[in-house]
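Some notes on the structure that comes next.
The values are calculated or read from the model by the stated rules, or taken from the named source; none is laboratory data. Source: prediction; values computed, not measured. In this analysis, Cβ positions are derived from the backbone assuming ideal geometry, glycine residues included, and neighbour counts consider all displayed protein chains. Calculation scope for accessible area: heavy atoms of the full protein, side chains included, ligands and nucleic acids excluded. Shrake-Rupley method; radii C 1.70, N 1.55, O 1.52, S 1.80 Å.
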Amino acid sequence: MNMWNSISSEQDLSILMSTVCAFHDSCIKEIKYTSGAYVDNDLTMYPVNDLRALKMIIQRQFDNPSAIELEFLGLKYFRLSPCDEQYTCELHDATMLLKDGYVFWCDCGGLTVAELEQYSGTIVCASKLRWRAVNEYIGAKEVYKSI
């Protein structure tokens with residue numbers, strides 16, 4: 001498994017966006033959210049969202065990498081607006097921005113910081129982001145599956 005690359009600067013964002021050609025000809029394959037809260041076997045609850053981790057696998061019609069995994073940590077919000085089956089869901093490009101200590105990822109390119117609040121597509125806002133190439137995740141086989 002490849003090493004994680006952290007996003008903590010505009011330069012890190014530029015490297016990621018260059019590596020994945022701004023997510024051109026890509027698709028969101030899978031998403032997994034872990035809150036940190038749980039109910040134990042004795043039915044006691046740990047009700048704290050102390051993880052708030054969102055993992056996303058994006059597959060691309062390009063080599064090196066053909067699939068990447070994004071892991072958003074300290075999730076502030078996530079809005080998923082998937083296309084229905086009458087439309088295609090490929091990404092032509094995406095927007096990634098750093099603002100006020102948060103990283104934003106949107107499934108549409110060219111958005112500005114001012115447009116983030118009005119954007120109605122898929123958007124992720126988190127305290128941290130890291131990513132890695134996961135070419136072994138290419139194809140239809142489910143990665144985030146239950147045992």
- Item | Where only C-alpha atoms are counted, convex hull volume of region 23-79 per residue in Å³ | 101
- Message: What is the sum of charges, Lys and Arg at +1 and Asp and Glu at -1, for the other residues whose Cβ falls under 13 Å from the Cβ of Glu30?
- Response: +2
- Share of the chain's accessible area from carbon and sulfur, percent, 1.4 Å? 51
- Item | Relative compactness, region 37-109, computed as alpha-carbon Rg over 2.2 N^0.38 Å | 1.47
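What do you get for chymotrypsin sites (Phe, Trp or Tyr not before Pro) in region 43-126 restricted to DSSP loop and a cutoff of at most 14 other Cβ within 10 Å of the site's Cβ? Intermediate values should be presented prior to the final figure.
Details: sites: Phe62, Phe72, Tyr77, Phe78, Tyr87, Tyr102, Phe104, Trp105, Tyr119; in loops: Phe62, Tyr87, Tyr119.
Taking region 43-126 and a limit of 14 other Cβ atoms within 10 Å, the loop chymotrypsin sites (Phe, Trp or Tyr not before Pro) found are Phe62, Tyr87.
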- Calculated semi-axes √(5λ) of the Cα gyration tensor in Å (choose from (i) 31, 15, 12; (ii) 47, 16, 10; (iii) 25, 19, 16), label: (iii)
- Note on the structure: Checking region 8-52 for chymotrypsin sites (Phe, Trp or Tyr not before Pro) in a loop per DSSP with at most 14 other beta-carbon atoms within 10 Å yields none
- Query: How high is the relative contact order of region 1-136, given as a whole-number percent (alpha carbon pairs under 8 Å, six or more residues apart)?
  - Reply: 30
- Under 29 Å from the Cα of Lys145 - lysines, other chains or at least 8 residues apart: Lys29, Lys32, Lys55, Lys76, Lys128
- Item | Charge dipole magnitude, Cβ of K and R +1, D and E -1 - the chain, Cα centre, debye nearest 20 | 280
- Glu117 versus Tyr38, label points 7 Å from Cα toward the beta carbon: distance in nm? 3.8
- Item | Inter-centroid distance (Cα atoms) of region 20-83 relative to region 1-18, Å | 17
- Accessible surface, the chain, averaged per residue in Å² (probe 1.4 Å): 60
